[in-house]
1. Suppose the filter is hydrophobic (A, V, I, L, M, F, W, C), modelled with pLDDT under 90 and either surrounded by fewer than 10 Cβ atoms within 10 Å (Cβ to Cβ) or part of a helix (DSSP H, G or I) (or both); does Leu58 pass it?
2. Tell me which residues, restricted to region 1-54, are part of a helix (DSSP H, G or I) and of a type in the set (Ser, Thr, Tyr).
3. Which residue out of Gln47, Gln52, Gln36 is of a type outside the set (D, E, K, R) and surrounded by fewer than 10 Cβ atoms within 10 Å (Cβ to Cβ)?
Amino acid sequence: MAGKSAHPTALQSYIDFYRTETGQKLNHAMFAAFDQMYDEISYLLGQAVAQQLQSEQL
């Protein structure tokens with residue numbers, strides 16, 4: 001669907017849903033999951049960089 005416009009009715013339905021309590025709870029849960037995922041990715045990337053730096057000759 002990249003590069004295609006959403007149908008206006010579908011977009012409005014999406015907006016209306018996210019204005020509800022359930023939509024806000026879903027949004028909060030998704031962002032909490034993304035935060036956790038990015039924390040883990042950042043940690044693992046930091047470990048990989050540190051390991052790479054330790055293995056290089058200075």
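The values are calculated or read from the model by the stated rules, or taken from the named source; none is laboratory data. In this text, all values refer to a predicted model and were calculated from it rather than measured experimentally. Positions of Cβ are backbone-derived with ideal geometry, glycine not excepted, and every protein chain shown enters the neighbour counts.
1. Yes: the conditions hold for Leu58.
2. Thr9, Ser13, Tyr14, Tyr18, Thr22, Tyr38, Ser42, Tyr43
3. Within the list Gln47, Gln52, Gln36, the selection yields Gln52.
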